[in-house]
1. Run down V390, V356, V374 and say which single residue is of a type in the set (A, V, I, L, M, F, W, C) and either touching an Asp or Glu at 6+ places or on another chain (Cβ under 6 Å) or surrounded by fewer than 24 Cβ atoms within 10 Å (Cβ to Cβ) (or both).
2. Can you give me the ranges of the strands (runs of 3 or more DSSP E) entirely in region 118-220 with at least 2 residues that are buried (at least 24 other Cβ atoms within 10 Å of the Cβ)?
3. Quick one: count up the residues across region 291-308 that are touching a residue at least 24 places away in the same chain (Cβ under 8 Å) and farther than 12 Å from A276 by Cβ.
4. I'd like the full set of residues that are crowded, with 18+ Cβ neighbours inside 10 Å and not β-branched (V, I, T), limited to region 293-307.
5. Which residue, of L246, L262, L292, is at pLDDT below 95 and more than 27 Å from A95 (Cβ to Cβ)?
6. Is region 210-230 home to any residue that is within 16 Å of ligand 2 (Cβ to nearest atom) and either farther than 28 Å from G20 by Cβ or not basic (K, R) (or both)?
7. Test each condition in (1) without any contact (Cβ under 8 Å) to a residue 40 or more places away in the chain; (2) out of contact with any Lys or Arg (no Cβ under 8 Å at 6 or more places or on another chain); (3) of a type outside the set (S, T, Y) for R51 and report the one that comes out false.
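The values are calculated or read from the model by the stated rules, or taken from the named source; none is laboratory data. Everything quoted here is computed from the prediction, not taken from an experiment. Cβ placement follows ideal geometry from the backbone for every residue including glycine, while neighbour counts extend to all protein chains displayed.
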Amino acid sequence: MADSITWTLVCVDCASTFPGDELRYRCACGGTLDVVQSVSPGIERETVDERLRSRHPHDRSGVWRFRELILPGADDAIVTRGEGRTGLHPSKALAAWVGLESIVLKHEGENPTGSFKDRGMTVGVTQAMRLGKRRVACASTGNTSASMAAYAAIAGLEAYVFVPAGKVAFGKLAQALAYGARTLEIEGDFDDAMTLVQELCAVEDVYLLNSINPFRVEGQKAIGFELLQDLEWEVPDWIVLPGGNLGNVTALTKGLGELHALGWIDRLPRVAVIQAAGANPFYTAWTNGAELVPVRAETLATAIRIGAPVSWRKALRGLHATNGVVTQVDDAAIVEAKARVDAAGIGAEPASCATVAGIRRLVAEGVIAKDARVAGILTGHVLKDPGLVVDYHKGELAGIESTLANAPQRVAADLDSLRRAISG
Ligand SMILES: *Cc1c(COP(=O)(O)O)cnc(C)c1O
Ligand SMILES: [Zn+2]
């Protein structure tokens with residue numbers, strides 16, 4: 001195995017380096033780590049395009065299709081469920097609503113467990129196998145646990161998930177249970193769970209699969225790789241995504257930088273990160289040009305209900321490299337955007353729709369030009385949070401005006417009543 005290692009772990013804060021397969025999540029100084037490839041991958045863009053026609057499971061995966069740029073030499077250890085290969089959807093209705101001439105949305109909710117977390121998890125669980133780990137764990141607002149539970153089950157690993165009690169959307173909790181993960185509901189919020197799981201993995205032989213694990217980030221780079229491939233390597237002006245723990249923006253910007261360095265793309269798109277106003281420590285740090293100060297997070301978009309994002313320094317570096325921006329949108333804006341995304345026939349979970357609310361805000365402010373070519377990332381599936389959808393359409397979502405409500409209607413079980421109902 002050692003022969004195939006072509007990367008090192010590098011501290012984001014002090015640049016200390018560690019062997020590529022050393023088991024560590026942080027530097028001695030406390031900084032988070034990057035995976036840095038030490039040799040050129042020896043692969044051409046044409047090769048990953050040709051793999052689109054292959055039927056080999058590694059080529060069919062929208063992550064492992066790019067394996068030389070992600071985890072070279074993993075081969076037989078690869079644990080895949082055919083992640084990626086998500087659609088890139090245009091929408092005239094949403095373009096008009098956000099004030100753009102056109103828009104495309106990369107729907108990461110179309111991954112096997114319904115969120116982009118699968119792209120990171122296939123690599124994280126593969127790395128767990130390479131390291132000979134038998135137990136894996138994560139703290140989660142829901143989607144990480146759903147994804148880890150599935151991939152651990154495929155690989156035959158024991159999975160432990162730590163979720164904030166009562167704060168996980170129903171679809172996600174259901175998945176963790178269904179896929180057989182030991183599910184521990186912490187009497188605290190996500191940030192408490194995140195602290196605890198790091199402490200646990202330091203003293204028990206359990207592999208940590210949050211996005212502090214740099215191999216997760218490597219897998220999530222494939223969102224950008226596949227998006228660019230979908231666009232036939234024509235770089236959009238903007239890529240927009242929500243930010244919670246900030247692993248995904250870290251991955252996206254790191255991957256884009258690598259494509260640019262390889263000459264696969266001729267320039268970098270600008271990247272915009274959208275935070276929920278109730279969970280906005282990165283927005284505040286960005287706006288003030290200051291260190292991140294954790295907040296107590298509160299938002300209906302539970303996937304980004306995070307007050308102390310682990311990857312904020314890496315995300316900051318990525319945004320500087322891509323001339324990016326950070327903005328925030330409140331829950332009313334997120335929920336309205338969600339109603340629009342859903343009614344456009346696309347559908348996505350609340351946090352995903354922060355993307356669309358954020359694009360609308362940035363267009364209105366003139367940051368994104370009306371004729372810009374914009375790709376938004378929808379991070380999770382519409383069925384992840386069915387409770388919020390039904391509450392919204394019944395007008396029962398506390399503190400939110402359901403301006404686009406589509407409430408179910410009770411009808412007596414006879415034809416006359418039905419005819420009256422559909423004409424009314
Ligand atoms: C995890 C997640 C996010 C946030 O991604 P980060 O990497 O934590 O910034 C956004 N939306 C959905 C649906 C998610 O599952
Ligand atoms: Zn360091």
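1. V390
2. Qualifying strands (runs of 3 or more DSSP E): 135-139, 158-164.
3. The total comes to 3.
4. Result: A297, L300, A301, A303, R305, G307.
5. The unique qualifying residue is L262.
6. Looking through region 210-230, at least one residue is within 16 Å of ligand 2 (Cβ to nearest atom) and either farther than 28 Å from G20 by Cβ or not basic (K, R) (or both).
7. Status for R51: all satisfied but (2).
Conditions (1) under 20 Å from the mean Cα position of the chain (by Cα); (2) farther than 28 Å from D49 by Cα, marked per residue:
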position	(1), (2)
N143	yes, yes
G156	no, yes
P164	yes, yes
K172	yes, yes
A178	no, yes
E185	no, yes
E199	no, yes
A222	yes, no
